[in-house]
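The values are calculated or read from the model by the stated rules, or taken from the named source; none is laboratory data. Predicted, not measured: the structure shown is a model, and the values here were computed from it. Cβ: placed from backbone, ideal geometry, glycine included. Neighbour counts: every protein chain shown. Surface areas here come from the heavy atoms of the whole protein model, side chains and all, with no ligands, DNA or RNA. Shrake-Rupley method; radii C 1.70, N 1.55, O 1.52, S 1.80 Å.
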Amino acid sequence: MKKCLLLLLLILGLQATKAQNPLITHMYTADPTARCFDGKLYVYPSSDIVPPKGRDFSGFCMPGYHVFSLENGATWRDHGWLLEENDVPWSEKDMYAMWAPDCVRKDGKYYFFFPAKAENDKAFRRIGVGVSDSPTGPFKWEKSFIEGVAGIDPGVLVDDDKTYLYYGGGHDLFVAPLANDMKSITKEPIKIVGLPAGYKEAAFPLKRGDVYYLTFAHVFPEEGYTIGYATSDNPLGPYTYRGKIMDNIENGTNHHSIVNFNGQWILFYHFWHISGFNKLRSMCADYLYFKDDGTIKKVNPTLRGIGMPTIGDTIQVDRYNEIGKAQTAFVNGNEPKGWMVTEAHTNSYVRFNKVDFGSGNANKMQARMASGQRVGCVEIRLDKLNGPVIAEFPIEFTGGWSEWKTYVVNLKRKTSGIHDLFVSFKAEPGNTKTVNLNWLLLE
Ligand code: FUB
């Protein structure tokens, strides 16, 4: 099963910068910490790069951080470099050691926490902090690292007027209360008790109701990296281990965060779809659900990811939620790199969840198609395989299976709100293939 998933993920590689997985394709992004500020979703990942010539890295090569925001529910905006290693006042230069960060808001200010290798210091990593008036910076960086803390993967919990810094490195996770100015700790860090044995890192704390959740990357000797969680009634613990949020996805490492966006919980994590190499990772996101008893349903990684394409966005149907009797493959011919739905026969279908029709202003739909035959149509149905047809594209000979044309049809009914789309392929029985479909677009 895991092998199939891996194969599927690798087959479905490159894609545009949409809120489908992987989320970002113009650079490598790992260790994503997602935060929602004033109703807007931001992600603070680390970045993996191919080591510069002449530098020999067997591990990660990580020069700093970009920040991304989700625009229109579907497109990630890259705000560029938030911090580069050589701009850290206290770091050893050119170490490419900028591992997983976090960003939180307290009293209207934004605090960005990050690990780096300190100059003339024996510790593997120290943790630094900067402050800004905006979630995208610029940040003012503290002159030195946080005294008394040596480790990686800072995760910060703002709990009313108290704030806690969690971090890891080695087998254990630690926590210490932060001072009001967020720049120092007020007590010695303590080792968090109650967590299962095995290597742990990527501490990500959150509070839901009165319950403190400590989520973390956890390595099982047989299985490798998983994402697990524990709960407590006290941010400092002791915690009780509750199980896994995500199984191992044959990933090298995994590293996650959990955010509530528009009332919906989302798990961010990373994988290595694009590179095929676990030191060049790409961040992903999928919906996460709490059960009534407060436990977390395990998340299965998908390609559909999150995000709601709306009018004007391309709907990449190859990032389907469900596919019936069709496949996906590399696009070829007169088309930019990407993926398509192919090998679609009569009654093949693709389900693509959650498209936002807004207040009903769309009146046309586009489809990018290529066909080597001239019989049939592609029906776009709402919500069910036999739901109402809102658009119908004729299948024509476009010049061949790799000759792409954009078709535009009128929508058959005024539609508003959020709907699942079923793309249903029709041709004469016996036809081997109907059409190749690259994307749809509402206009
Ligand atoms: O990205 C570098 C390190 O790998 C992170 O700090 C860990 O959590 C793991 O993802």
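Rounded to the nearest 20, the Cβ-based charge dipole of the chain about its Cα centre (Lys and Arg +1, Asp and Glu -1) stands at 900 debye.
Which value in Å does the Kirkwood hydrodynamic radius of region 314-442 take, with 1/r averaged over all unlike C-alpha pairs and then inverted?
Numbers: mean 1/r = 0.0695 Å⁻¹.
Every distinct Cα pair counted, the radius reaches 14.4 Å.
Only protein heavy atoms count here; on that basis, with a 1.4 Å probe, TRP141 has an accessible area of about 40 Å².
Per the 1.4 Å probe, what fraction of the accessible area of the chain, in percent, lies on carbon and sulfur atoms? Don't skip to the answer; put the middle values down first.
Values: 9000 of 18090 Å².
That fraction is 50 percent.
Each of LEU382, ILE395, VAL149 was scored by the projection of its Cα onto the charge dipole of the chain, and the greatest displacement toward the positive side belongs to ILE395; charges sit on the C-beta of Lys, Arg, Asp and Glu. With a simple spin-label model that places each label point 7 Å from the Cα along the Cα-to-Cβ direction, the separation between ALA329 and ASN72 comes to 3.2 nm.
Under the combined filter of DSSP loop state and at most 13 neighbouring Cβ atoms within 10 Å, region 199-306 retains these GluC sites (Glu not before Pro): GLU222.
Give the Debye-formula value of log10 I(q)/I(0) at each listed q (0.14, 0.23, 0.24, 0.25 Å⁻¹), with one equal scatterer per alpha carbon of region 60-156, two decimals each. Those come out to -0.50, -1.22, -1.31, -1.39, one per q.
Note that region 314-442 presents 42 Å² accessible area per residue, ligands and nucleic acids not counted, probe 1.4 Å. Sequence-ordered 3J(HN,Hα) estimates for region 400-408 from the Karplus curve with 6.51, -1.76 and 1.60 and θ = phi - 60° stand at x, 5, 10, 9, 9, 9, 9, 9, 10 Hz, glycine and proline given as x. Name the chymotrypsin sites (Phe, Trp or Tyr not before Pro) in region 48-80 that are in a loop by DSSP and that have at most 11 other C-beta atoms within 10 Å, would you? Here no loop site has a sparse enough neighbourhood. Can you tell me which of PHE397, PHE268, PHE216 moves the most in a GNM of the chain? Springs connect C-alpha atoms under 10 Å apart. Most flexible of the set in this elastic network: PHE397. So what does log10 I(q)/I(0) come out to for region 228-387 at q = 0.14, 0.15 Å⁻¹, using the Debye formula with one equal point on every Cα and no solvent? So the normalised log intensities are -0.93, -1.03. The label-point distance for SER134 and THR295, in a model that sets each label 7 Å from Cα toward Cβ, rounds to 4.5 nm.
Let a ≥ b ≥ c be the square roots of the eigenvalues of the Cα gyration tensor of the chain; is it rounded (a/c under 1.5), or, if not, prolate (a/b larger than b/c) or oblate? It comes out prolate by the Cα gyration axes. Can you tell me the FRET efficiency between GLU223 and ASN410 if r is taken as the Cβ-Cβ distance and R0 is 45 Å, rounded to the nearest 0.05? The pair GLU223/ASN410 has a calculated efficiency of 0.30.
Tell me the angle of helix 2-11 to the major Cα principal axis of the chain, expressed in degrees between 0 and 90 and rounded to the nearest ten. Relative to the chain, helix 2-11 is tipped by roughly 70 degrees. Once the Cβ-Cβ distance of ASN86 and ASN347 is raised to the sixth power relative to R0 = 60 Å, the FRET efficiency obtained is 0.55.
So what's the back-of-envelope 222 nm ellipticity for the chain, counting only DSSP H runs of four-plus at -39500 (n - 2.57) apiece and dividing by all residues, rounded to 500? Helix contribution divided over all residues of the chain: -500 deg cm²/dmol. Gaussian network model of the chain, Cα springs within a sub-10 Å range: biggest mean-square fluctuation belongs to which of VAL67, VAL341, VAL193? Evaluated over the chain, the most mobile residue of the options is VAL193.
Sorting THR310, THR406 by accessible area (1.4 Å probe), largest first, what list results? Present the calculation step by step, with values, prior to reporting the outcome.
Numbers: THR310 30, THR406 60 Å².
Final ranking, largest accessible area leading: THR406, THR310.
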